[in-house]
Structure formats: C-alpha cells, structure tokens
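Structure in structure tokens, see below.
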Amino acid sequence: MTGLLCKNPRIVLILGTGYLGKALAESLRKAGHTALTADIDPQKAIYEADVADQASMQGLAARIPSPQIIVMCASTRGGGEEAYRNLYAHGTRNTLEAFSGTPVIFCSSTAVYGITDGRWITEEHNVYPSSGKNGLLIQAEQAVLAAGGTVVRLGALYGPGRCALASQYVTKGKALPGAMNRWLNYIHRDDAAAALHLLCTLREPPAGIYNLTDRTPMQMGEIYSYLSNLLGKPAPQPEPLPAEARRGFSNQRISCSRLMALGWEPLYPSFADGVHNVLEALEE
C-alpha cells in the first residue's frame, strides 16, 4: 500500500470546515501535509470564501498556494433546494473553473441511490433521486466526474456530538420516524476522515465514484434493540413517517468494498462499534 502513496507532503485545499472538514484538516496536518481550509464562516477556516460566488472563488485561487488536490465537503446545514443549488451545482462549477486542472474530491451522499427495497448497492447501480436536492447533488457529481475527479458518496455521518438517532433515544426515549426494518448506512466521522485522507495522499488520485459507509448496515430496529440492551432502557416505539417527510424513505445496504480495495479499513465496522463514544459524549 505504501508504494501507492505520494512520497512528498501535499498541499490540500479543503472547502468547508465543518464536522468532517475540520477532522480531515487535523489528520492531514498530523501527517505532515499542508491543509488549507476555506469556509464562508471566517471563524472556522484559514481563508474566507464562498463557493457559491464565482468572484470569491477566483479570488481564493489568486491568493493561496496552488493546491495539489481539493476536497469539497461543505454542507448546507439542513438547507433547502435553493441552498443545494448554490452550494453544490454553482459551487462545483465555480471551484472547477477557479482551480482548472486540479483534481477534486466531491463529498456527496448515498441518498442519491434512492433504493427502497433493501437490496445491496454498489457504485455500479443507477441512481433514483427522490428529491430535487438529490438531483442537484447528482448534477454536481457529474460535473466533477466529467473533469476527471472523484465522487465520494457518504452514508449518514455520526460521531461525538453528532448523532440524531442516539441523542433522541437517550434524551427523549423516542425513535426516528420510519419503518423499524429499514436498513441504515452509517459512517463514523473518524473513519470518513481517514478515507478522505487516503484519497488525498494516493500518488494518483482515483477518478470515479466511491461509497463511504461502514462495512455492516443495520436495520433501525436492530440498532434500537442494541442500544436498549446496552443502556438498560426500553426500546422506543416506532414513529410513523409524516407524509411531508424529506428523509426516511430509503431502504438500502451500501457496499464500501471498492474503497476498501484501495487499502482503507474502517476502525468502526458497524454503528454498534462506533456509537460508544457518541454515548460517552452525551453523558458528558
């Protein structure tokens, strides 16, 4: 594996310094690489920049050392369709134009598959966007792939300080809306950062699509049963999915074997393995 890694320190530009981007920057710096961070919030990054604004991205490109690879991992933080259009569709276009020729890793979502029958999914499967937002993600993916870049489709990101399922159950004793037999695909923040770190430091960044989830999807009822036994409290009752719900319809098992073939191995193979430090953070 070491023969596939670049031998010299790299300059990596990380666009979006939230929950995942911050962890990736820290990981790269510890390994001796230069992680340049840019965010619309100047308190979170070295540089202030708005990917949705063409002039802002051109200005960023003019004032920073030339990066050897770019990671786009900004989030709308729960925004609607217009926020998705600005951040992903416009943001991807602006980034590719401002940094023409620089390899880009784009963080997308496994939600684009839109499968509801519980089948196993690989990167070869067609996508069935269930919303306009997912359609905008696919539009951004296509732009990155056309430029020879890498698309990383992440499962539900969780870790210390971030896990709606665990926090709602622990604090309110309630379940997330949706069927208990629905398959969920999680990825711990530390494992996600490690996978992106690997992609950033391979000698030749691999073009194409890579799923980024843990190895072991779990059904929602299975997760609550595990937490119930672990915490000694009753499992929550199922919560119906509201007609206007934007999440909770997908039911799919995502394979991460393509990414593992590059040498990545999750520290937390399943949600049951990784939820312990989430619970510790909730207790604190």
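The values are calculated or read from the model by the stated rules, or taken from the named source; none is laboratory data. Note that this is a predicted model, so its numbers are computed, not measured. Neighbour counts run over all protein chains shown; Cβ positions are idealised from the backbone, glycine included. The accessibility values were calculated without ligands, DNA or RNA, using every heavy atom of the protein model including side chains. Shrake-Rupley method; radii C 1.70, N 1.55, O 1.52, S 1.80 Å.
For region 75-101, which residues satisfy the criterion of being modelled with pLDDT of 90 or more and open to solvent by less than 30 Å² (accessible area, probe 1.4 Å)?
LEU87, TYR88, ALA89, GLY91, THR92, ASN94, THR95, ALA98, PHE99
Going through region 13-22 one residue at a time, which ones are in contact (Cβ under 8 Å) with a residue 60 or more places away in the chain and either under 20 Å from GLY263 (Cα atoms) or open to solvent by 30 Å² or more (accessible area, probe 1.4 Å) (or both)?
Scanning region 13-22 gives a single hit, TYR19.
Quickly run through region 145-174 and pick out the residues that are without any contact (Cβ under 8 Å) to a residue 24 or more places away in the chain and either more than 17 Å from GLU284 (Cα to Cα) or within 17 Å of the chain's Cα centre (by Cα) (or both). So that I can check it myself, show each step before the final result.
Let us first name the residues in region 145-174 that are without any contact (Cβ under 8 Å) to a residue 24 or more places away in the chain, namely 146, 164, 168, 172.
Listed by number, the residues that qualify are ALA146, ALA164.
Conditions: (1) open to solvent by less than 50 Å² (accessible area, probe 1.4 Å); (2) farther than 28 Å from ASP39 by Cβ; (3) modelled with pLDDT under 95. THR116 meets all but one. Number of the miss?
Here THR116 meets the rest and fails (1).
Residue check, GLN142 against (1) open to solvent by 50 Å² or more (accessible area, probe 1.4 Å); (2) over 22 Å from the mean Cα position of the chain (by Cα), all met but one. Which one?
With respect to (1) open to solvent by 50 Å² or more (accessible area, probe 1.4 Å); (2) over 22 Å from the mean Cα position of the chain (by Cα), GLN142 is out only on (2).
Return the residue satisfying two criteria in turn: it lies in region 24-64 and is open to solvent by 80 Å² or more (accessible area, probe 1.4 Å) and in a loop (DSSP other than H, G, I, E, B), and of such residues it is nearest to THR201 (Cα to Cα).
ILE46
Let me ask you something else. Only residues in region 206-223 that are free of Cβ contacts under 8 Å to residues at least 40 places away in the same chain count as the first member; pair them with residues that are part of a helix (DSSP H, G or I) and of a type in the set (Val, Ile, Thr), Cβ under 6 angstrom, at least 6 apart or cross-chain, and list the lot.
Final answer for the pair search is none.
Which ones in region 203-234 are open to solvent by less than 10 Å² (accessible area, probe 1.4 Å), aliphatic (A, V, I, L, M) and more than 17 Å from SER108 (Cα to Cα)?
MET220, ILE223, LEU227 - these are the residues of region 203-234 that are open to solvent by less than 10 Å² (accessible area, probe 1.4 Å), aliphatic (A, V, I, L, M) and more than 17 Å from SER108 (Cα to Cα).
Report whether or not ALA111 is among the small types (Gly, Ala, Ser), within 24 Å of TYR19 (Cα to Cα) and either modelled with pLDDT under 95 or assigned to a helix (DSSP H, G or I) (or both). Let's see the steps before the verdict.
Working: among the small types (Gly, Ala, Ser): yes; within 24 Å of TYR19 (Cα to Cα): yes; either modelled with pLDDT under 95 or assigned to a helix (DSSP H, G or I) (or both): yes.
Answer is yes for this residue.
Right, next: Keeping to region 177-189, report how many residues are in contact with a helix residue (DSSP H, G or I) (Cβ under 8 Å, 6 or more places away or on another chain) and modelled with pLDDT under 95.
2
Next question, about the same structure. Going by the conditions given, is GLU124 among the acidic types (Asp, Glu), more than 21 Å from ALA195 (Cα to Cα) and more than 18 Å from the chain's Cα centre (by Cα)? Steps first, answer last, please.
On the way: among the acidic types (Asp, Glu): yes; more than 21 Å from ALA195 (Cα to Cα): no; more than 18 Å from the chain's Cα centre (by Cα): yes.
It is false that GLU124 is among the acidic types (Asp, Glu), more than 21 Å from ALA195 (Cα to Cα) and more than 18 Å from the chain's Cα centre (by Cα).
Could you tell me whether region 247-256 includes any residue that is in contact with a helix residue (DSSP H, G or I) (Cβ under 8 Å, 6 or more places away or on another chain), modelled with pLDDT of 95 or more and either crowded, with 18+ Cβ neighbours inside 10 Å or hydroxyl-bearing (Ser, Thr, Tyr) (or both)?
Checking region 247-256: at least one residue is in contact with a helix residue (DSSP H, G or I) (Cβ under 8 Å, 6 or more places away or on another chain), modelled with pLDDT of 95 or more and either crowded, with 18+ Cβ neighbours inside 10 Å or hydroxyl-bearing (Ser, Thr, Tyr) (or both).
Where the second residue is open to solvent by 70 Å² or more (accessible area, probe 1.4 Å) and β-branched (Val, Ile, Thr) and the first is under 18 Å from ALA192 (Cβ atoms) and lies in region 28-46, which pairs have Cβ atoms under 6 Å and are six or more apart or on separate chains?
Hits for this filter: THR37/ILE46.
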